Structures are given as C-alpha cells and as structure tokens.
Amino acid sequence: MKKEMIVVLDFGGQYNQLIARRVRECNVYCEVHPYSMELDRLKAMNPRGIIFTGGPNSVYGEGAPLCEKELFELGIPILGICYGSQAMAYMLGGTVETAPVSEYGKTEVSVERGAAIFEGVSEQTICWMSHTDYISKAPEGFRVTAHTPVCPVAAMECPERGLYAVQFHPEVMHTREGMKMLSNFVFQICGCSGDWKMGSFVEDTIKSLRKKIGDGKVLCALSGGVDSSVAAVLLSKAIGKQLTCVFVDHGLLRKNEGDEVEAVFGPAGPYELNFIRVNAGERYYKKLAGVTEPEQKRKIIGEEFIRIFEEEARKIGAVDYLVQGTIYPDVIESGLGKSAVIKSHHNVGGLPDVVDFKEIIEPLRLLFKDEVRKAGLELGIPEYLVYRQPFPGPGLGIRIIGEVTAEKVRIVQEADAIYREEIAKAGLDRGLGQYFAALTNMRSVGVMGDYRTYDYAVALRAVNTSDFMTADASELPWKVLAVTANRIVNEVKGVNRVLYDLTSKPPGTVEFE
C-alpha cells in the first residue's frame, strides 16, 4: 500500500506508542523505531517527517542516547519532544543544563505568534511538562517560539532546516491544544494529506494476502477475541476455504461465548472457511481437579490447549502458513536498541513440532488495538465480538479462586453475565477498561427465605486503564452495583454475598490470579 509515513524515533520515552497513536489519529501512518536505526534504512522508508520522543536520560550524561548528526541534514522535517528537543539543541550547538526549577504537570506556556507548530494555538496554553533539564540557549539559527517563567526555551524552530522542538508533551491529553500542534506538524510542515484510512487498509491487506498465499493452506487458532477474529476474517475474505480455524472451547469461556463464536465463524456464519470447534470442557475439568495453585492452573490450561491443537493439526495435515493475531504493541521496538520480543511460532506453544508450515502470517502487526477494532467493523464483524472485553487465555480458570469445577464455572458465568448486562444497561460498557465477576473461595453464612445458607461470595471488578500496566478501580454508580448484587444473589444458585474490589494496580493486579 502506497502511504505517507511519519517515523517516531524512540529515545526511551514512556509515550512512544502514544505519539504514534496521535499521528495515526490524523489519518497518517506512523511507526516507532529505535533512535539508533541505520540511516540508510530510515531513508529507504521515505518518511514525510520524523518525531523524537522524550526519554529519562540527560543529553550530557555518559552513554546518553543520541542519533546520527546527519539525520538533521536529510531535509526531512523533525519534531523533538522533551528529551528529543534537548538532544536536538545539544547536538546542534545549543546549551542544555540542569534547570534551576524543574517543571512537572500542567504548566501555562506562552507561545509566539507566527510559529508554525503553534498556528491556531492560544497565546497562553496549558501544556504537560516533565523535565529536570532544560535548553538554556537555543542553537544558532533557531528562534525561540515558547517559554514559561522558568523555562526560557519551551519551544524553538528553524523552519529553513525543517527543525522544530517542544519541551513539553503535546501527545498527552493534559496538553490542551496538543493535537492541534501535532496536526500542524503533520499537515502544515510535513505536507501530509491524511490518506491512512481503515477501509483502504482492509482492502489492500486482503489483496496482498491473496497474492502472497496463492493456493496455499492456512491454519489459524481462533480464540474468539478481537485480534484472532479480525485476522481470521481478513484471511477468509482473501482465501476462503483454504483457511482452517480451530476453536478450542475449554469450558472456561463466559456464558454462551462458545456458541457466539461458532455462530459467526461456523457453518451457519457469513464467512467461507473451514471451522473446527473442539468442546473440551470435561477434559479440562478432569485435568484441573484438585488443583488450587494459580500458576499450575495456568500451565495445565495452556498445555492442554496445545495438545488439543496438535491433535486437530494432525488431522488437517501439512499447511503452508500459520496465522497469528499479533498487533503492533506486540512487535514495537523499544527505542534503546533492545527489540521487544516479537511473537514467534514458539510463543504459540510448540505448534511447529506438529504443524509443518513455511511462514507465519500476521496481518494485524501494523495496527493498534483500537485500529484492530475499526478494521473489525469495516469487515462486518458483529460489535459484540469487536468490542469484546479483554479475556485472559486461561479464561475463567483464573477468575475462580481455588479448584476449578463445572459447578463453579456455572456460578461465575451466570454472575458475570448479569454484571455485564447491568453495566451495558447503564451505558457504561464502552467507558470502562475492564470489568468482570470472579468467584472467591470464601463461603459465608446468609439468610434466604428464612433459611440459613452457607454459600459463595462473588467479587465484582471494574478498572480504568490506558495500558493495563497500571489501573484504578472504577467508581461505579451505587445503583448499578446494588441492582447487580441483588440480581446475582437472587438468580445465581450458590451465591449469597457480593463484594466490590476497590484495589488499584499496583498493588493488586487486574485479574484475581
């Protein structure tokens, strides 16, 4: 696909992916690469612009990450952000030193009229600062375009060379007019037209897959999650019956989920592919009998999935390609020269020992999660699958504290279904990061219909998070929690108490085990 591109060079900043996301929100394709990438490779990509990220280092410190100086002579517009701005200043003869006063958080910045980055931006604007060093003197040929009372060079530019820098972070939402600044760089300075459209991506991907695969056979492990579902549909649109999807229902899915997946991808669904569903619930329950240690449960569930997949793969015979739903955050390079571990066939769990194939196909490896969802909608996948809540591989096995039994699975499935239904009724389903019901191993005394009960306690969890590295407990409306709790106690046999988990991550985790 012929596309305009902005390259983000990462100097170790925590917002590297967020910068790429913001550029893509302008409908311009963007990739993240380490600051140390070879100059020839960068030139071959023919980017319209380059963005330097922030980072934790001091430019004058020993071993500080610095790019090749020739980068500034390529004639490609460059925007330096935070550490990236300091690196630009330092390498081009400016002065960077420890700031007399560090700036953190929302800061009022005064911007100069006529500066390209600040076209249409208020003269006084709120920006997100996070720095202990600052540029005390801009390099020769640069004009200072913004300042704060304690930061003399909050932004600078040298339009003749296409070089721009800001000390703050325009990519974070706390910078009020940050998207306007990034749009100015992408469109006004780099001259992009914004033709990165999801419809074009889907159409071009289907064409390229059809050309690549030819008459080959393709195998896909389908979980029903958004990534594997979108990957499977892309392949089915490209090659139809040459694709075989194996869906292992381990009996630890949410209520009705196995049937929902089969309704979409099975024989009665709209897609022309070979669909194999393996109902392995009883097999899993036997393997998990008496097991209470969380890590052991995970290993048993993962190992058994591999064994079942192997059995089905043997029946199919040799295939040419294996499909994985790898997405961009899985493959993105870290920026300090240490590449992230890219999902390989070994991470699928030893499948190559059984399945003989030429190559792995990862049709989504250029997309972020929200872009995968957009692709899913373009492909006509039902919204309930596209916006499916994140679900761990071991499924309800790690949302049941202690031993996993068919009865416990029933309880947590029914409680979770009620919880999700009430969240959706209240219109909260799209605003939460993740929410689910878990079954504790605690039993307590209760009274129901004048009779003493001794039943389980269900715990409800809801968190807000942008990256799942940290998370805060959601403040759900009391009425929603009260109705949910009342329904669970009344409708789910074996439960007489409902709890709400207020723990953040850290110290807790999103899941219970």
Taking the residues in the stretch 81-117 that are of a type in the set (D, E, K, R) and touching a residue at least 12 places away in the same chain (Cβ under 8 Å) as candidates, determine which candidate is nearest to TRP128 (Cα to Cα). LYS106
Taking the stretch 413-472 and the residues there that are over 23 Å from ILE401 (Cβ atoms) and assigned to a strand (DSSP E or B), the one that is modelled with the lowest pLDDT would be TYR451
Do you know which residues across the stretch 396-412 are open to solvent by less than 50 Å² (accessible area, probe 1.4 Å), outside any loop (DSSP other than H, G, I, E, B) and under 17 Å from ILE488 (Cβ atoms)? LEU396, ILE400, LYS408, VAL409, ILE411, VAL412
Out of ASP455, ASP429, I need the residue that is charged (D, E, K, R), out of contact with any Asp or Glu (no Cβ under 6 Å at 6 or more places or on another chain) and under 26 Å from ASP259 (Cβ atoms). Which one? ASP429
Could you please give the count of residues in the stretch 10-19 that are crowded, with 22+ Cβ neighbours inside 10 Å, under 14 Å from TYR328 (Cα atoms) and at pLDDT below 90? 1
Among the residues of the stretch 415-459, write down those that are open to solvent by less than 50 Å² (accessible area, probe 1.4 Å) and among the acidic types (Asp, Glu). ASP416, GLU422, ASP455
Which numbered condition in (1) open to solvent by less than 10 Å² (accessible area, probe 1.4 Å); (2) in contact with a helix residue (DSSP H, G or I) (Cβ under 7 Å, 6 or more places away or on another chain); (3) modelled with pLDDT of 80 or more is the only one that LEU351 fails? (3)
How many residues does the stretch 243-275 contain that are aliphatic (A, V, I, L, M) and touching an Asp or Glu at 6+ places or on another chain (Cβ under 6 Å)? 1
Matching residues in the stretch 1-26 - criterion: being in a loop (DSSP other than H, G, I, E, B) and closer than 22 Å to ARG176 by Cβ: GLY13, GLN14, TYR15, CYS26
Among the residues of the stretch 238-249, is any of a type in the set (Ser, Thr, Tyr), within 24 Å of GLU511 (Cβ to Cβ) and under 30 Å from the mean Cα position of the chain (by Cα)? no
State all residues of the stretch 489-513 that are of a type in the set (Val, Ile, Thr) and out of contact with any helix residue (DSSP H, G or I) (no Cβ under 9 Å at 6 or more places or on another chain); if no residue qualifies, say none. VAL489, THR503, THR509, VAL510
Among the numbered conditions (1) at pLDDT 90 or above; (2) open to solvent by less than 60 Å² (accessible area, probe 1.4 Å), tell me where GLU475 comes up short. (2)
Specify which of the listed residues (SER136, SER130) is touching a residue at least 40 places away in the same chain (Cβ under 8 Å), touching a strand residue (DSSP E or B) at 6+ places or on another chain (Cβ under 7 Å) and more than 18 Å from ILE81 (Cβ to Cβ). SER136
Just wondering, is there one or more residues in the stretch 490-502 that are polar (S, T, N, Q), surrounded by 13 or more Cβ atoms within 10 Å (Cβ to Cβ) and more than 25 Å from PHE368 (Cβ to Cβ)? yes
For the stretch 188-265, list the helices (runs of 4 or more DSSP H) that sit wholly inside it and hold at least 2 residues that are surrounded by fewer than 20 Cβ atoms within 10 Å (Cβ to Cβ); which are they? 198-213, 257-265
Given the criteria touching a residue at least 40 places away in the same chain (Cβ under 8 Å) and open to solvent by 10 Å² or more (accessible area, probe 1.4 Å), does VAL7 qualify? no
Just wondering, is there one or more residues in the stretch 369-382 that are open to solvent by 50 Å² or more (accessible area, probe 1.4 Å) and either in contact with a His (Cβ under 9 Å, 6 or more places away or on another chain) or among the hydroxyl-bearing types (Ser, Thr, Tyr) (or both)? no
In the stretch 391-439, anything among the small types (Gly, Ala, Ser), over 17 Å from ALA471 (Cβ atoms) and touching a residue at least 60 places away in the same chain (Cβ under 8 Å) is listed as GLY393, GLY395, GLY397, GLY402, ALA406, ALA415, ALA417
So, GLY393, is that one closer than 30 Å to VAL230 by Cβ, open to solvent by 30 Å² or more (accessible area, probe 1.4 Å), at pLDDT below 80 and not charged (D, E, K, R) or not? yes
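The values are calculated or read from the model by the stated rules, or taken from the named source; none is laboratory data. Just so you know, these numbers come straight off a predicted model, no measurement behind them. No Cβ is skipped: glycine too gets one built from the backbone with ideal geometry, and neighbour counts run over all protein chains shown. Ligands, DNA and RNA are stripped out before the accessible areas are found, and what is left, the full protein with its side chains, is counted by its heavy atoms. Shrake-Rupley method; radii C 1.70, N 1.55, O 1.52, S 1.80 Å.
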